[in-house]
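The values are calculated or read from the model by the stated rules, or taken from the named source; none is laboratory data. This is a predicted model, so every value here is computed, not measured. With ideal geometry, Cβ positions are generated from the backbone for all residues, glycine too; neighbour counts draw on all protein chains shown.
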Amino acid sequence: MTARSANPVADVALEAALPRLAVQAPATLAPATLVAVGLADRYAELPSPLGSIVVAWNGRGISWVDRAGDRDAFERRFVERVRRPLHHADAVPADLARAVEARLAGDRRVRIPLDLRGRTEFEVVVWMKALEIPRGEVRPYGWVAAEIGRPKAVRAVGTALAHNPVPLVVPCHRVVRSDGSIGQYSLGGPAAKRAILAAEGLDPDELEAGARAGLRYIGSDTTHIVCLPTCRNAKRITSRHRVPFRSLPAAYAAGYRACRECRPASGAARAA
Amino acid sequence: MDPDLALVARLAVDLDGAFGTLVRTHQDRLHTIALRFLGEPRDAEEVVQDAFVRAYRAMAGYDAERIRDLRLRPWLAAIVLNLARNRRRRLDERRPPLQLESIVDAGAELAGPDDGAKLYERAARQETIRALAVALLGLPPGPRAAVILRHIDGLSVAEVAVALNRPEGTIKAHVSRGLAQLRIHLANDPDLAPQREMTA
């Protein structure tokens, strides 16, 4: 066969032996590959300051966040909604776990890859806007609607937030009703929402009491800037200098201008 | 008919629906190619997974006609070998020289179905496979890749030429050079003289 060959039988034998070097792929390869391209997902429990949560992910990012609980029920919910195979794993990958931890601790800049395939553009825009709300602050639904340029879509904003597949990571709990009450929450109802907001340093009772008393905005009589009540700038105002307002026109009439941080004019028409 | 033709037709219209079949159909041969080129099962598994991800992303950017025109066997082999070569280069910069004998053990255990052969025959066959795998890893990258694709994976010379992006003449030269070196390797080992072992 070749010039160097001295034994033609051995030539044939070598070529016949080489196919025996074929091996089977490890059983882990196919499932890991499908997860890597995002055609299947894994999930694991993750401790959080708000109790144990469940995180599902694939190679594109985090695809689902839920309360930890009955695994079968979670898997059914996931497959029904997302329509991909889901497998339990021992742990959330270290880099994702670290990123989620940082996000829950209030770091909004930490990048967390999210897999939001199959969601509408409107939903994604709403969720990305919710991401801009700092830890320890809340904004009304109408504020989100105005900020994304759809001031009349307040109800649709509420629906989109209710369908947020990655609660906590995308903090839809920081969006409250325009009348100041806490409102609904997909991850365990209003009680859970209050607990999460409290864990983030807000007092939900005080918030609602203020809203019932007609408090919508807070201004500072030293800076003459008016804010939403939970804005970090509003919280810095000492009680001596706090001026409550029921409406923005009233604040403007008193010579106040809107805070650039919390932009209280967004959604003000609906809230008033 | 080539089953890959039906597969590319499905991939062209429903990439997500057909991709699992692509993985199941090609994973054994791609893992074989990567393992026999790199020697280390863990490295091979990572390379093959990475190759599938790249194949998926590439197809996601192709139009249907381009996917239908793909020749999956050489195309996938090319992706695997590109990644394997890069990894080999990176590892060589970091790691001490390979301990070939220990490295191929895991692969040797996986090889060959249990076909009821007597124990000593199976042991002898395992030894042959081990010796061949070690000798193969000792070949230069060009001949190694050519022998793996031509004689383990069973691609035609033309397909190997496509996969390795070399003229057919170069492939033929690499294959025969590789086989000749394997023969010398094996003939030098008195326990593994090819005549005795492989013509049985």
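Meeting the requirement of 3 or more residues that are at pLDDT below 95, the helices (runs of 4 or more DSSP H) wholly within region A:1-108 are A:8-17, A:71-82, A:94-104. Note on region A:145-157: residues that are under 14 Å from A:Met128 (Cα atoms) and touching a helix residue (DSSP H, G or I) at 6+ places or on another chain (Cβ under 7 Å) total 4.
Can you tell me which residue among A:Ser247, A:Ser239 is more than 14 Å from A:Gly180 (Cβ to Cβ), among the polar types (S, T, N, Q), over 23 Å from the mean Cα position of the chain (by Cα) and surrounded by fewer than 17 Cβ atoms within 10 Å (Cβ to Cβ)?
Working: A:Ser247 fails: more than 14 Å from A:Gly180 (Cβ to Cβ).
Just a single option satisfies the conditions, and that option is A:Ser239.
Within the bounds of region B:61-78, is there any residue that is away from every other protein chain (no Cβ under 11 Å), of a type in the set (A, V, I, L, M), part of a loop (DSSP other than H, G, I, E, B) and out of contact with any Asp or Glu (no Cβ under 7 Å at 6 or more places or on another chain)? Yes, because at least one residue in region B:61-78 is away from every other protein chain (no Cβ under 11 Å), of a type in the set (A, V, I, L, M), part of a loop (DSSP other than H, G, I, E, B) and out of contact with any Asp or Glu (no Cβ under 7 Å at 6 or more places or on another chain).
Assess whether A:Phe122 counts as being among the aromatic types (Phe, Trp, Tyr), farther than 25 Å from A:Thr230 by Cα and at pLDDT 95 or above.
Values: among the aromatic types (Phe, Trp, Tyr): yes; farther than 25 Å from A:Thr230 by Cα: yes; at pLDDT 95 or above: yes.
The answer is yes for A:Phe122.
None of B:Ala51, B:Ala6 is farther than 21 Å from A:Pro26 by Cα, part of a helix (DSSP H, G or I) and among the small types (Gly, Ala, Ser) except B:Ala6. For region B:11-22, the condition holds for no residue, the condition being that it is within 20 Å of A:Leu18 (Cβ to Cβ), touching a helix residue (DSSP H, G or I) at 6+ places or on another chain (Cβ under 6 Å) and part of a helix (DSSP H, G or I). Just a yes or no: is a residue in region A:68-91 outside the structural domain of A:Ala162 (by TED's automatic domain parsing), buried (at least 17 other Cβ atoms within 10 Å of the Cβ) and under 22 Å from A:Pro134 (Cβ atoms)? There is no residue in region A:68-91 that is outside the structural domain of A:Ala162 (by TED's automatic domain parsing), buried (at least 17 other Cβ atoms within 10 Å of the Cβ) and under 22 Å from A:Pro134 (Cβ atoms). Screening B:Leu76, B:Leu35, B:Leu30, B:Leu15 for residues that are buried (at least 16 other Cβ atoms within 10 Å of the Cβ) and in contact (Cβ under 8 Å) with a residue 60 or more places away in the chain leaves exactly one candidate, B:Leu35. Counting residues in region A:19-29 that are over 25 Å from B:Val48 (Cβ atoms) and within 11 Å of another protein chain (Cβ to nearest Cβ) gives zero.
One line per residue, one yes/no per condition, for (1) more than 28 Å from B:Ile129 (Cβ to Cβ); (2) of a type in the set (A, V, I, L, M, F, W, C); (3) modelled with pLDDT of 85 or more; (4) crowded, with 19+ Cβ neighbours inside 10 Å:
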{"site": "B:Ala51", "(1), (2), (3), (4)": "no, yes, yes, yes"}
{"site": "B:Ala60", "(1), (2), (3), (4)": "yes, yes, yes, no"}
{"site": "B:Asp63", "(1), (2), (3), (4)": "yes, no, yes, no"}
{"site": "B:Ile67", "(1), (2), (3), (4)": "yes, yes, yes, yes"}
{"site": "B:Leu72", "(1), (2), (3), (4)": "no, yes, yes, yes"}
{"site": "B:Leu100", "(1), (2), (3), (4)": "no, yes, no, no"}
{"site": "B:Ile103", "(1), (2), (3), (4)": "no, yes, no, no"}
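Looking only at residues that are on the phi > 0 side of the Ramachandran plot and surrounded by 13 or more Cβ atoms within 10 Å (Cβ to Cβ) in region A:170-216, which one is farthest from the chain's Cα centre (by Cα)? Break it down stepwise before answering.
Quick first cut of region A:170-216, residues on the phi > 0 side of the Ramachandran plot only: A:180, A:183, A:188-189, A:201, A:214.
If we keep only those that are surrounded by 13 or more Cβ atoms within 10 Å (Cβ to Cβ) as well, we get A:180, A:183, A:188.
Values: A:Gly180: 22, A:Gly183: 17, A:Gly188: 15 Å.
Among them, the one singled out is A:Gly180.
Kindly indicate whether any position in region A:112-122 is more than 11 Å from the chain's Cα centre (by Cα), part of a helix (DSSP H, G or I) and among the hydrophobic types (A, V, I, L, M, F, W, C). Looking through region A:112-122, at least one residue is more than 11 Å from the chain's Cα centre (by Cα), part of a helix (DSSP H, G or I) and among the hydrophobic types (A, V, I, L, M, F, W, C). Contact annotation: residue pairs with Cβ atoms under 9 Å, 6 or more positions apart or on different chains, pairing a residue in region A:144-160 that is closer than 13 Å to A:Val176 by Cα with a partner that is of a type in the set (Asp, Glu), are A:Thr159/A:Glu123. The residues of region B:9-58 that are facing chain A (nearest Cβ under 7 Å) and aromatic (Phe, Trp, Tyr), listed by number, are B:Phe19, B:Phe52, B:Tyr56.
The residues listed here are A:Leu197, A:Leu187, A:Leu215, A:Leu202; of these, the one that is part of a helix (DSSP H, G or I), out of contact with any Phe, Trp or Tyr (no Cβ under 6 Å at 6 or more places or on another chain) and either modelled with pLDDT under 90 or not hydroxyl-bearing (Ser, Thr, Tyr) (or both) is A:Leu197. Looking at region A:130-144, can you tell me whether even one residue there is surrounded by fewer than 21 Cβ atoms within 10 Å (Cβ to Cβ), closer than 30 Å to A:Arg236 by Cα and of a type in the set (Lys, Arg)? Checking region A:130-144: at least one residue is surrounded by fewer than 21 Cβ atoms within 10 Å (Cβ to Cβ), closer than 30 Å to A:Arg236 by Cα and of a type in the set (Lys, Arg).
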